[in-house]
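Enquirer: Below: one structure in structure tokens.
FYI, it's all coordinate maths here, none of it is from the lab. Quantities reported herein were computed from a predicted structural model and do not represent experimental measurements. Methodologically, a virtual Cβ is constructed for each residue, glycine included, from the backbone with ideal geometry; neighbour enumeration extends over all protein chains shown.
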Amino acid sequence: MASKKQSIVILGAGFGGVYVHKRLQSAFRKDRDISMTVINERDCFLFTPLLHEVATGGQRQENIIEPLYRALGSGTLFRITRATRVDPARGIVATAGGDIPYDYLALATGSRANFFGIPGAQEHCFALKSLEDAVRLKNFVTDSAKRPGALGFVVVGGGATGVELSAELVEFTRNALRRKDTAVTLVELGTDLIPQFGSRLRKEALKVLRKKGIDVRLGTGVASVSADSAALTNGERIPANAVIWTAGVSPNAIPFAGNVALAKNGAYAVNEYLQLANYKNIFALGDVASFTNPGEIKPVPQHAQTAVAEATCVAENIIRSIKKQPLKAFRYHHTGDLVSLGRWRAVGEIAGIALSGRFAWWLWRTVYLGKLLTWRKRVAVAIDWTIQLFMRRDTGKL
């Protein structure tokens, strides 16, 4: 194996970081010449695809977090701290808690909301990137529903998160909170919702949302946001108790002491092995990496499916690097998407097959149950979903 003890550091414990660790732990479980350290600001893994359910009373917050001591298992050093800089020349990650040396480094630090410099957006919008975001949004919606007067929300961004949140927000406010007068507006700059799907599914999603009473605005953007409204690029101003931003992300790229190539969006530019161009022992994946399949123009999509696929390649290439073997080139193969449209409705495309209706909704739930890290959480999520088939959602503040 290795001629000296090798130190592997994984920076970030989202989907990318956790799945890199799982593969490496399996490969090096009995190898005392390999040490692994995971650095993360929080002590838990967050299942981000269900954040909108926490925000709308569909799931308890504890159901979508997994303590990292349980997710990572034994044999891994876990540091709860904030990384501030990577120094490749010295082979260290500088953190708020001190320097951590590495021989191989995997960067999986994820992303944050990108407000694109729109006036008032960062100050007044709710984001949906963390558990705190989801809890804050649910508490605000619950409080707002108890006050007299109009109740309205604007959701910015017609991708999967915006569509799913809009559908659940209508059901939460009108059914669980008994505010039948709730107005939900979904604003999308592009000409279609969920553009990753074919025309039929895009139209189906639009039809379902509008049937739920959601005011879907296509081909218009947000010009500015204030404490009580969103101004659109067409000159219209929509009153809102809250504006919720799901329209884009920015990578959480950690600064380097030295030159590092970045893509236009600020993510690390990586080669076909998911290495940083100038540093063969540093890999990046997930939202913080920019990779384009050979022969294609657009980078691969930024979502959990991509991060998991890249994690497998990064872990394999770290293993091969340690063993002095040729590296494996990465190519992303999209397996499909599923988007919930609220109770009993969803659209999806799996292996090129278009799905909609109750079967797609059942499949959406089944797939996400399978992606939760432990059976403990799968059972908890399944129980909450089952209860809600017969009872109203939880409207208590968190």
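Enquirer: Just grab the label-to-label distance for residue 175 and residue 371, each label 7 Å out from Cα along the Cβ direction, in nm (one decimal).
Expert: Label at residue 175, label at residue 371, 2.2 nm between them.
Enquirer: Could you name the lysines whose alpha carbon sits less than 17 Å from that of residue 4, not counting residues in the same chain fewer than 8 places away?
Expert: Straight-distance partners of residue 4: 30, 323, 324.
Enquirer: Moving on to the next point. Setting aside same-chain residues fewer than 8 positions from residue 138, which lysines have a Cα under 18 Å from its Cα?
Expert: Candidates past the 8-residue exclusion: 129, 146, 180, 397.
Enquirer: A follow-up question, please. What length, rounded to one decimal in nm, is gained on full extension from residue 261 through to residue 280, with 0.36 nm per residue of separation minus their alpha-carbon distance?
Expert: 5.5 nm
Enquirer: For the residue pair residue 41 and residue 132, what label-to-label distance in nm results when each label sits 7 Å from Cα along the Cα-to-beta-carbon direction?
Expert: A separation of 0.7 nm, rounded to one decimal place.
Enquirer: Between residue 386 and residue 218, what length comes free when the chain is fully extended (0.36 nm per residue of separation minus the Cα-Cα distance, one decimal in nm)?
Expert: Contour length minus Cα-Cα distance gives 57.1 nm.
Enquirer: Between residue 362 and residue 228, with labels modelled 7 Å along Cα→Cβ, what's the label distance in nm to one decimal, could you check?
Expert: Result: 4.8 nm between the two label points.
Enquirer: In straight Cα distance, which aspartates and glutamates are under 16 Å from residue 22, not counting same-chain residues fewer than 8 positions off?
Expert: Straight-line reach from residue 22, under 16 Å: 31, 66, 310, 316.
Enquirer: Between residue 323 and residue 199, what FRET efficiency follows from the Cβ-Cβ distance if R0 is 51 Å, with the result rounded to 0.05?
Expert: Once the sixth-power term is evaluated, E becomes 0.60.
Enquirer: Right, something else. Quick check: residue separation of residue 272 and residue 31 times 0.36 nm, minus the Cα distance between them. What number comes out in nm?
Expert: Net length gain for the segment: 84.0 nm.
Enquirer: Given charges of +1 on the Cβ of Lys and Arg and -1 on the Cβ of Asp and Glu, with all other atoms neutral, how large is the dipole of the chain about its Cα centre, in debye to the nearest 20?
Expert: About 900 debye.
Enquirer: Restricting the count to DSSP beta bridges whose residues both fall in the chain, what percent are antiparallel, rounded to a multiple of 5?
Expert: 50 percent
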